[in-house]
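Here is the structure we will look at, set down as structure tokens.
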Amino acid sequence: MNKNIEHYVFHKENFLEESYCKNTIDELNKCGWKKHEWYSATEDVYRQLSADSEPDTLGEVNPKNSEKINDFIISSLHSTLHEYINKFKFDWFNSWAGYTTIKFIRYSVGQTMHQHCDHIHSMFDGEKKGIPVLSIIGILNDDYEGGELIMFGDKKIDTKKGDLLIFPSNFLYPHEITPVTRGVRYSYTSWVW
């Protein structure tokens, strides 16, 4: 077992084709977006940490318009998750119970995602049971400035349109998105349990 935690950040280049990414952004821009909110487990409330700098999100808000996109990405994820898990050759970790609906995130100029780790509570609504074990971040475009993915406090992860990242969903994997300075950044997330 590799004791370097960066070893468990899996970067899959060209997970989605460039033309698919462009068409996805065009379709998503027809949907209804809302401001991102953070969940506080100690207070059991959702709130914005910094109203204007919070990105916009789209998930279960408008499933009619984003259902095909969600289904395509989710079906493509299955083999990539197997690739990630098989890479480490852990006999004791060879499956998962499921993964969440895709959550799309749109960052305009000045918007950011504060440093956090993925202790996602909202994915368990009473029917699903478990804890998030893997985080997924997908990149839909790269024609913007700023909006860099930073992990571990100071490590910039270089990504481009169509790329996908998978990493453990725990406190050892803090990550953030720096403020976008030009253009609009589109990405998506999902969590595996």
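The values are calculated or read from the model by the stated rules, or taken from the named source; none is laboratory data. The structure presented is a predicted model; accordingly, all values stated were derived computationally and were not measured. For neighbour counting, all protein chains shown are included, and Cβ atoms are generated from backbone atoms with ideal geometry for every residue, glycine included.
When region 1-35 is limited to residues that are among the polar types (S, T, N, Q) and surrounded by 11 or more Cβ atoms within 10 Å (Cβ to Cβ), the one that is modelled with the highest pLDDT turns out to be N14.
Could you look through region 90-109, keep only residues that are in a loop (DSSP other than H, G, I, E, B) and surrounded by 13 or more Cβ atoms within 10 Å (Cβ to Cβ), and pick out the one that is modelled with the highest pLDDT? Reasoning before the result, please.
Our first condition is that a residue be in a loop (DSSP other than H, G, I, E, B); within region 90-109, this holds for 90-98, 100-102, 108.
In the following step, the residues that additionally are surrounded by 13 or more Cβ atoms within 10 Å (Cβ to Cβ) were identified as 96, 100-102, 108.
On the way: W96: 81, T100: 85, T101: 84, I102: 89, S108: 96.
Taking the candidates together, the pick is S108.
Out of all the residues in region 68-85, is one or more within 17 Å of the chain's Cα centre (by Cα) and in a loop (DSSP other than H, G, I, E, B)? Spell out how you get there, then give the answer.
If we filter region 68-85 for residues that are within 17 Å of the chain's Cα centre (by Cα), which is where we start, we get 69-78, 80-81, 84.
Pick out the ones that are also in a loop (DSSP other than H, G, I, E, B) and you get none.
Looking through region 68-85, none of the residues is within 17 Å of the chain's Cα centre (by Cα) and in a loop (DSSP other than H, G, I, E, B).
For region 36-59, how many residues meet the condition of being surrounded by 13 or more Cβ atoms within 10 Å (Cβ to Cβ) and either part of a strand (DSSP E or B) or at pLDDT below 80 (or both)?
7
Listed by first and then second residue, the pairs linking a residue in region 1-27 that is over 9 Å from L140 (Cα atoms) to a residue that is in a loop (DSSP other than H, G, I, E, B), with Cβ atoms under 6 Å apart and 6 or more places separating them unless they lie on different chains, are I5/L172; E13/D163; N14/G162; F15/G162.
Does region 77-88 contain at least one residue that is more than 20 Å from W191 (Cα to Cα), of a type outside the set (F, W, Y) and free of Cβ contacts under 8 Å to residues at least 60 places away in the same chain? Outline the logic, then answer.
Pass one, region 77-88, residues more than 20 Å from W191 (Cα to Cα): none.
There is no residue in region 77-88 that is more than 20 Å from W191 (Cα to Cα), of a type outside the set (F, W, Y) and free of Cβ contacts under 8 Å to residues at least 60 places away in the same chain.
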